[in-house]
Amino acid sequence: MSLTADTDATRGLRIRNVGKTYRIEGRPLPVLQNIHLDIGPGEFVGIVGASGCGKSTLLRLIIGLEADYEGEIALGGDPIGGPSRERGIVFQDHRLFPWLTVTDNIALGLEGLAAAEVRERIAENIELVGLQGFENAYPHQLSGGMAQRAAIARALAMRPQILVLDEPLGALDSLTRVRLQNELFRIGRQSRMTMVLVTHDVEEAVYRSDKVVVMEPRPGRIKATIPVHLDHPRQRGSAEFVNLRERVYEALQY
Amino acid sequence: MNVRLLAIPRASSGARESFRRVLSLRPPAALLPFLLPLLVLAAWQLAASRALLPVQILPPPALVLQTLVDLTASGDIVANIEISLWRIGIGIAIGCSFGLALGTVMGLSQTVDDYISPLFRALAQIPSLGWVPILILIFGLDEIVKYLIIAKACFVPATIAMAEGIRNIPRAYKEAATVLGLSRSATIRKLIVPAALPTIFGGLRLAFSNAWIALIVVEMLAAQEGVGYMMVWGRTLFQTDIVIAGMIVIGVIGLAMDAGLRRLERRLRRWAVPS
Ligand SMILES: Nc1ncnc2c1ncn2[C@@H]1O[C@H](COP(=O)(O)OP(=O)(O)O)[C@@H](O)[C@H]1O
Ligand SMILES: [Mg+2]
């Protein structure tokens, strides 16, 4: 199966003129306004922006957790009508079920698959996030970072077409973070999984992403979409890299 | 207050120290639950032996014990307990299963809740025993009256606990369940039941204790057998020892049922953060 540019365009995520307004005590609070974004299949997109500028809300819209919004969001030409297993999310809070072990939490998303397949995917993803030995631990027995890793394993095990990650690596120590970033990135490229990563780490966003989306608050808008056309592995010290990173920092200042 | 505290001379710190030592002289934890009952027993014995109250009203513990032994030997108490346990068992089974079922529907569907809630709340306000007269008019002194009264006593707390337990499941978990694509049955087994479990058990414990109240009162009002009837019978004979024996039986069985529920809950919630 060869992917032509044409199928890419139809299989991608299309966000057109999207707006979202929450109501707080009856008064409207515009949270997202005029969002345009195209994300091709297999693309890695980083989203940066001050807290409160609607990054989590945008991910919730992509996942289909918010029914009430303006504009158009479509995946592969089909409008998104609700959550689906093709679109996975790692929430900012891990949201593991406290009454299930790590293994059973990962198995939640694998309902309906053959038992052997379930076992294989669980083992594979537990190893990937480095939680061997904690298969039967309950969430309260894990540290914050370990719980976050279990949540990543749970999302990856579903093998979604698109995986959105909401600051998933914040609770991790820097060594684990770098290792997991590498792994996530490798999986994304290998399985052509589209990834949307919300992060505070500008350097990391530029290092990984095919494009970096910079958002600004009140109401949440896209300030700039900065494409990064550099080959991997990227040279953090190269002039182009430094230049792009500065452009992102600049866009972040307002 | 502060001033006086400050004024305590340093010399008294020795006294405070020894007081603390007395406090720390605690019997092994396993014995602690028996301490208070033993004290009550001692006070009871003391009051009885000093004849503070006529013996018809406050018999000594030994007499009550003797009565318990006699009633057990004659089989009277066993037969009465058996009858009462059947009644409470059937009543609880009916009341709790209907309650948990209705609570589930009310918790899952806001529409159903909107329809049923006002009527349910109105009926729940009528104490279980308020139903006794009309049920006797309809069924006479039939066993069904006891079952229905006990069932009603369990039904209300079971329904409320189940509905609340479901309604209070954090939205974060519900969202996780939809994102993970859980089927309806998996959502019930893996999310709703475990998340609502603590609330459900709180409701069940309340249901059980309500059931006991209903059982004893209905047996006192409208029965010819059972532990409650035995107590009324003891009172009419001015045999307070039988009344107290009945109270002890109720207390012990009630405690055992509550302990059983707690154990079951602990088993089902092994995952919980140890407190
Ligand atoms: N459920 C909600 N109801 C009302 N306001 C909300 C809700 N969720 C988020 N918001 C508001 O929307 C804005 C953006 O939130 P969020 O998307 O979480 O921002 P970010 O993830 O960029 O920090 C914030 O001002 C927040 O208070
Ligand atoms: Mg956020």
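Inspect region A:209-216 for any residue being open to solvent by 10 Å² or more (accessible area, probe 1.4 Å) and among the hydroxyl-bearing types (Ser, Thr, Tyr) and give the result as yes or no. Don't jump to the end; show me each part of the working.
From region A:209-216, those open to solvent by 10 Å² or more (accessible area, probe 1.4 Å) are A:210-211, A:216; that's our starting set.
Pick out the ones that are also among the hydroxyl-bearing types (Ser, Thr, Tyr) and you get none.
Within region A:209-216 (the criterion being open to solvent by 10 Å² or more (accessible area, probe 1.4 Å) and among the hydroxyl-bearing types (Ser, Thr, Tyr)), the answer is no, since none of the residues qualifies.
Condition check ((1) surrounded by fewer than 19 Cβ atoms within 10 Å (Cβ to Cβ); (2) farther than 28 Å from A:Gly170 by Cβ; (3) more than 9 Å from chain B (Cβ to nearest Cβ)) across all residues:
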| site | (1), (2), (3) |
| --- | --- |
| A:Pro83 | no, no, no |
| A:Asp93 | yes, no, no |
| A:Pro98 | yes, no, no |
| A:Val102 | no, no, yes |
| A:Glu111 | yes, yes, no |
| A:Ala116 | yes, yes, yes |
| A:Glu120 | yes, yes, yes |
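Residues checked against (1) in contact (Cβ under 8 Å) with a residue 60 or more places away in the chain; (2) open to solvent by 40 Å² or more (accessible area, probe 1.4 Å):
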{"site": "B:Pro54", "(1), (2)": "no, yes"}
{"site": "B:Asp76", "(1), (2)": "yes, yes"}
{"site": "B:Gly91", "(1), (2)": "yes, no"}
{"site": "B:Gly95", "(1), (2)": "yes, no"}
{"site": "B:Val105", "(1), (2)": "no, yes"}
{"site": "B:Asp113", "(1), (2)": "no, no"}
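For A:Leu37, state whether it is part of a helix (DSSP H, G or I), open to solvent by less than 50 Å² (accessible area, probe 1.4 Å) and under 28 Å from A:Tyr249 (Cβ atoms).
Values: part of a helix (DSSP H, G or I): no; open to solvent by less than 50 Å² (accessible area, probe 1.4 Å): yes; under 28 Å from A:Tyr249 (Cβ atoms): yes.
Against the criterion (part of a helix (DSSP H, G or I), open to solvent by less than 50 Å² (accessible area, probe 1.4 Å) and under 28 Å from A:Tyr249 (Cβ atoms)), A:Leu37 does not qualify.
So B:Ala177 passes all but one of these: (1) within 14 Å of another protein chain (Cβ to nearest Cβ); (2) under 30 Å from B:Phe139 (Cβ atoms). Which condition number does it fail?
Single failed check for B:Ala177: (2).
Can you find, within region A:65-76, the residue that is nearest to the other protein chains (Cβ to nearest Cβ) among those that are open to solvent by 30 Å² or more (accessible area, probe 1.4 Å) and over 18 Å from A:Met195 (Cα atoms)?
Restricting to residues being open to solvent by 30 Å² or more (accessible area, probe 1.4 Å) and over 18 Å from A:Met195 (Cα atoms), the top hit is A:Ala67.
I'd like the residue in region A:145-171 that is more than 16 Å from ligand 2 (Cβ to nearest atom) and of a type outside the set (A, V, I, L, M, F, W, C) and, out of all such residues, is nearest to the other protein chains (Cβ to nearest Cβ). Full working, then the answer.
Going through region A:145-171, the residues more than 16 Å from ligand 2 (Cβ to nearest atom) turn out to be A:145-147, A:149-150, A:152-163.
Now narrow it down to the ones that are of a type outside the set (A, V, I, L, M, F, W, C): A:145, A:149, A:154, A:159-161.
On the way: A:Gly145: 18, A:Arg149: 16, A:Arg154: 7, A:Arg159: 12, A:Pro160: 10, A:Gln161: 13 Å.
This residue is A:Arg154.
Kindly provide the set of residues from region A:40-55 that are within 11 Å of ligand 2 (Cβ to nearest atom), buried (at least 21 other Cβ atoms within 10 Å of the Cβ) and not basic (Lys, Arg), ordered by number. Give the derivation first.
We begin by selecting, within region A:40-55, every residue within 11 Å of ligand 2 (Cβ to nearest atom); these are A:47, A:49-55.
In the following step, the residues that additionally are buried (at least 21 other Cβ atoms within 10 Å of the Cβ) were identified as A:47, A:49, A:53-55.
Selection gives A:Ile47, A:Gly49, A:Cys53, A:Gly54.
Just checking, which of A:Arg218, A:Arg154 is part of a loop (DSSP other than H, G, I, E, B) and out of contact with any Asp or Glu (no Cβ under 9 Å at 6 or more places or on another chain)? Outline the logic, then answer.
On the way: A:Arg154 fails: part of a loop (DSSP other than H, G, I, E, B).
After applying the criteria, what remains is A:Arg218.
Across region A:140-194, what is the number of residues that are open to solvent by 40 Å² or more (accessible area, probe 1.4 Å) and aliphatic (A, V, I, L, M)? I'd like the intermediate steps shown before the answer.
The first filter runs over region A:140-194 and keeps only residues open to solvent by 40 Å² or more (accessible area, probe 1.4 Å), leaving A:140-141, A:143-144, A:159, A:161, A:167, A:170-171, A:173-175, A:177-179, A:182-183, A:186, A:189-192.
Imposing the further condition that a residue be aliphatic (A, V, I, L, M) reduces the set to A:171, A:175, A:178.
Going through region A:140-194 one residue at a time, the tally reaches 3.
The values are calculated or read from the model by the stated rules, or taken from the named source; none is laboratory data. The structure displayed is predicted, hence computed values, not measured ones. For neighbour counting, all protein chains shown are included, and Cβ atoms are generated from backbone atoms with ideal geometry for every residue, glycine included. Heads up: the accessible areas ignore ligands, DNA and RNA and are worked out on the full protein's heavy atoms, side chains in. Shrake-Rupley method; radii C 1.70, N 1.55, O 1.52, S 1.80 Å.
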